[in-house]
Amino acid sequence: MRSLWLVALVSIALFAGGAHADDYFDQKIAPLLARRCLDCHAGVEPQGKLDLSQETTAMAGGESGPAISPGT
């Protein structure tokens, strides 16, 4: 369940648009990802092949498919 709200939060931040959304992502979302996700979902062999360290790799998803669904 925790991953579901995290995906929703990241989706909102990535697709809200505008400078305010960039600030929100930098101040709220990026630190959250760093604390809770990047230990397992970054680096050479990210768990489930889901790399959340960059926007492009996060949007690509992992073994289970997309982790972030724009507009949902």
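The values are calculated or read from the model by the stated rules, or taken from the named source; none is laboratory data. Just so it is clear, the model here is predicted, and its values are computed rather than measured. Cβ sites come from the backbone with ideal geometry, for glycine too, and all protein chains shown count toward neighbours. Surface areas here come from the heavy atoms of the whole protein model, side chains and all, with no ligands, DNA or RNA. Shrake-Rupley method; radii C 1.70, N 1.55, O 1.52, S 1.80 Å.
Residues of region 27-59 that are open to solvent by less than 100 Å² (accessible area, probe 1.4 Å), part of a helix (DSSP H, G or I) and at pLDDT 90 or above: 48 alone. For region 60-71, the tally of residues that are open to solvent by less than 70 Å² (accessible area, probe 1.4 Å) and hydrophobic (A, V, I, L, M, F, W, C) stands at 2. Cβ-Cβ contacts under 7 Å between residues 6 or more apart (or on different chains), taken from a first residue in region 29-50 that is more than 13 Å from residue 62 (Cβ to Cβ) and in contact (Cβ under 8 Å) with a residue 12 or more places away in the chain to a second residue that is in a loop (DSSP other than H, G, I, E, B) and among the polar types (S, T, N, Q), are listed as 38/53.
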